[in-house]
Amino acid sequence: MADLACRFAANPILTSAHLQPSAPGLQIECLLNPGAFSFAGKTWLLVRVAERSAEIPGKVSVPVLAPDGGMSIVAFDRGDPKLECKDPRAFAYDGRVYLSTLSHLRLVSSVDGVHFSPEPSAPLLTGNGPLETYGVEDCRVVHLEGRYHLTYTAVSGLGVGVGLRHTDDWRTFQHAGMILPPDNKDCAIFEEKIGGRYFALHRPSSPALGGNYIWIAESPDLLHWGNHRCVATTRPGKWDGARVGAGAAPIKTADGWLEIYHGATAQHRYCLGALLLDLHEPWKVLARSEEPIMEPTESYETNGFFGHVIFTNGHIVEGDRLRMYYGAADTVVCGADFSLSEILATLR
Ligand code: MAN
């Protein structure tokens, strides 16, 4: 199947050169995977900014947050036999895993949805508390019952789980804590209740038995999630053979809830596909892409900090147009437009 994405001519729309590091002594390694939302007549992205500490000769180092605030630099000798560099994203020392960068979330805004500029007065969203000492990543933003709800990957030495924050004005935030404990990420809340309950897609990992699959859960209050069911497993040998995870909030269409999800191979090639879920019983999958609807093909998608990656967790829907924002090669932020009816046609 053809790649259905109409990429922005201006791609990449945001690179590390567009933003300033969050503190002296840090440098921005890459920008990734933005959440997206409309607010005050503009399009906003909540970009993941991954930073590293300034190079220390002969050392591998990374900034880490303290559980009660503050930041320190953890550094190990490059030649130390206890040091094991896994891939560019992580390393282990004496069996303990660290990320190679520390991520926070930053707001940028735009009047045309293509050209974004930083919001100097907007607060940075940084890791907060003992479950976020390795940072916060890949935030989904939903607007539900008049408030914005942020679900994001909360990372610490204790594992990778899903954090929740709320805001009304993008100035003050309420931190609701971890709603899905490790190992879990890629949590996308539906933008309306179904049968009087909130629903969310999420991605627990159970690699020893099972895998990295998309699940659905329901909740009376957005805090307590239960009745978990698996909706999509990986498909051995295919483009989504090693892991799958939800993108942004499912999109309500006449045919069902349309979810754009990422699928990766064991070689870590990340493509996008679609799932169509029943409108009233969203744990029922009506259709699923056989082939990706978008694959890493452009040089900014194949080359970078971690190449061959297209990862989305933010979009704006206007009529038939799905304007999708995505992280490319874990390095830059890009945009692409899709036609919803074209995606749905591939699922029939
Ligand atoms: C994981 C996540 C993403 C990242 C991809 C590709 O799925 O941590 O943040 O973009 O891997 O590296």
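Descriptive notes on the structure:
- Selection count, region 95-137, where residues are open to solvent by less than 40 Å² (accessible area, probe 1.4 Å), farther than 15 Å from residue 20 by Cα and small (Gly, Ala, Ser): 7
Table: residues versus (1) hydroxyl-bearing (Ser, Thr, Tyr); (2) farther than 22 Å from residue 273 by Cα; (3) over 22 Å from the mean Cα position of the chain (by Cα).
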| position | (1), (2), (3) |
| --- | --- |
| 6 | no, no, no |
| 13 | no, yes, no |
| 16 | yes, yes, no |
| 19 | no, yes, no |
| 27 | no, yes, no |
| 42 | no, yes, no |
| 54 | no, yes, yes |
| 58 | no, yes, yes |
| 63 | no, yes, no |
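- Sole residue being of a type in the set (Lys, Arg), open to solvent by 40 Å² or more (accessible area, probe 1.4 Å) and part of a strand (DSSP E or B), chosen from 48, 52: 52
- Meeting the requirement of 2 or more residues that are away from the ligand (no atom under 16 Å from the Cβ) and within 21 Å of residue 313 (Cα to Cα), the strands (runs of 3 or more DSSP E) wholly within region 184-292 are 198-204, 214-219, 226-232, 251-253, 256-264, 270-277, 285-288.
- For region 126-143, the set of residues classified as farther than 17 Å from residue 203 by Cβ, in contact (Cβ under 8 Å) with a residue 60 or more places away in the chain and not charged (D, E, K, R) consists of 126, 127, 129, 130, 133, 134, 135, 141, 143, listed by residue number.
- Contact map, region 111-124: residues that are of a type in the set (A, V, I, L, M) paired with residues that are at pLDDT 95 or above, Cβ distance under 6 Å, separation 6+ or inter-chain. Pairs shown: 111/42; 114/8; 114/10; 122/107; 124/22; 124/104; 124/106.
- Qualifying positions in region 49-66 - touching a Lys or Arg at 6+ places or on another chain (Cβ under 8 Å) and either within 16 Å of the ligand (Cβ to nearest atom) or among the basic types (Lys, Arg) (or both): 49, 59, 62
The values are calculated or read from the model by the stated rules, or taken from the named source; none is laboratory data. Keep in mind that this is a model prediction, so the values were computed, not measured. Cβ coordinates were reconstructed from backbone atoms using ideal geometry, including for glycine residues, and neighbour counts include every protein chain displayed. Just the protein is used for accessible areas: all its heavy atoms, side chains included, with ligands, DNA and RNA removed. Shrake-Rupley method; radii C 1.70, N 1.55, O 1.52, S 1.80 Å.
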